[in-house]
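Colleague: Before I ask anything, here is the structure I am working with.
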Amino acid sequence: MRFMMLIKSDANAEAGVMPSEELIAAMGHYNDELVKAGVLLAAEGLHASAKGARIQFSNGRRRVVDGPFAEAKELIAGFWMIQVKSRDEAIQWALRVPFESGDASSRDGVGELELRQIFEEADFPPELVA
């Protein structure tokens, strides 16, 4: 089973404030643990939404909206993609993320990760997977 652990953004991350040296070291150690366990597929941080764009689709038309975007708490600052045996195992890895090290998602004392399972081919009816 593959899961994404999505790091929620905040005003500091949207302002381009870089993580502390302590956080970078803690995240490096955490990533090493994921690699040693053989579960890490990808791990990346994202630039602020000011450098991004949204593509809106409506009635056959496409519209590009440049960032920044409001509501930083609804944005994603980074992610891990892991492959584990169960949802419980994914939760256990998520609980170990070193937010207490002062990352962008916990500078105000409140951090949040969103854990989402990724669809696999087996999740779809056979007639839709051709």
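Colleague: Can you tell me which residue within region 69-85, out of those that are crowded, with 16+ Cβ neighbours inside 10 Å and not in a strand (DSSP E or B), is modelled with the highest pLDDT?
Modeller: This residue is VAL84.
Colleague: Given the residues ILE7, ILE24, which is the only one that is out of contact with any Ser or Thr (no Cβ under 7 Å at 6 or more places or on another chain) and either open to solvent by 80 Å² or more (accessible area, probe 1.4 Å) or under 20 Å from PHE99 (Cα atoms) (or both)? Please lay out each step first, then the result.
Modeller: Values: ILE7 fails: out of contact with any Ser or Thr (no Cβ under 7 Å at 6 or more places or on another chain).
Matching residue, one of ILE7, ILE24: ILE24.
Colleague: Is region 86-102 home to any residue that is open to solvent by 70 Å² or more (accessible area, probe 1.4 Å), modelled with pLDDT of 95 or more and part of a strand (DSSP E or B)?
Modeller: No; the residues of region 86-102 include none that is open to solvent by 70 Å² or more (accessible area, probe 1.4 Å), modelled with pLDDT of 95 or more and part of a strand (DSSP E or B).
Colleague: Report, by residue number, each residue of region 42-68 that is surrounded by 14 or more Cβ atoms within 10 Å (Cβ to Cβ) and touching a Phe, Trp or Tyr at 6+ places or on another chain (Cβ under 9 Å).
Modeller: Step one: of region 42-68, the residues surrounded by 14 or more Cβ atoms within 10 Å (Cβ to Cβ) are 43, 45-46, 48-49, 52, 67.
The answer is ALA43, GLY45, LEU46, SER49, GLY52.
Colleague: Another question about this same structure. Suppose we keep only residues that are at pLDDT 95 or above and over 13 Å from ILE7 (Cα atoms) within region 103-118. Which one would you say is most open to solvent (accessible area, probe 1.4 Å)?
Modeller: Among those that are at pLDDT 95 or above and over 13 Å from ILE7 (Cα atoms), it is GLN117.
Colleague: Test ALA43 against the criterion of being within 26 Å of ASP10 (Cα to Cα) and among the hydrophobic types (A, V, I, L, M, F, W, C), and give yes or no. Write out each step before concluding.
Modeller: Numbers: within 26 Å of ASP10 (Cα to Cα): yes; among the hydrophobic types (A, V, I, L, M, F, W, C): yes.
Against the criterion (within 26 Å of ASP10 (Cα to Cα) and among the hydrophobic types (A, V, I, L, M, F, W, C)), ALA43 qualifies.
Colleague: Just a yes or no: is a residue in region 42-56 outside any helix (DSSP H, G or I), among the charged types (D, E, K, R) and under 17 Å from PHE79 (Cα atoms)? Show your work before the answer.
Modeller: Taking region 42-56 and keeping what is outside any helix (DSSP H, G or I), we get 42-48, 52-56.
From what is left, the residues that are among the charged types (D, E, K, R) are 44, 54.
Filter once more, so that each one left must be under 17 Å from PHE79 (Cα atoms): 44.
Yes.
Colleague: Hey, can you tell me all the residues within region 6-59 that are touching a strand residue (DSSP E or B) at 6+ places or on another chain (Cβ under 7 Å) and of a type in the set (S, T, N, Q)?
Modeller: From region 6-59, those touching a strand residue (DSSP E or B) at 6+ places or on another chain (Cβ under 7 Å) are 6-9, 13, 31, 34, 39-46, 53-56; that's our starting set.
Answer for region 6-59, where residues must be touching a strand residue (DSSP E or B) at 6+ places or on another chain (Cβ under 7 Å) and of a type in the set (S, T, N, Q): SER9, ASN31, GLN56.
The values are calculated or read from the model by the stated rules, or taken from the named source; none is laboratory data. None of the values given here were measured: they were computed from a predicted structure. Cβ sites come from the backbone with ideal geometry, for glycine too, and all protein chains shown count toward neighbours. For the accessible areas, the whole protein counts, side chains as well, though only heavy atoms, and no ligand, DNA or RNA atoms are used. Shrake-Rupley method; radii C 1.70, N 1.55, O 1.52, S 1.80 Å.
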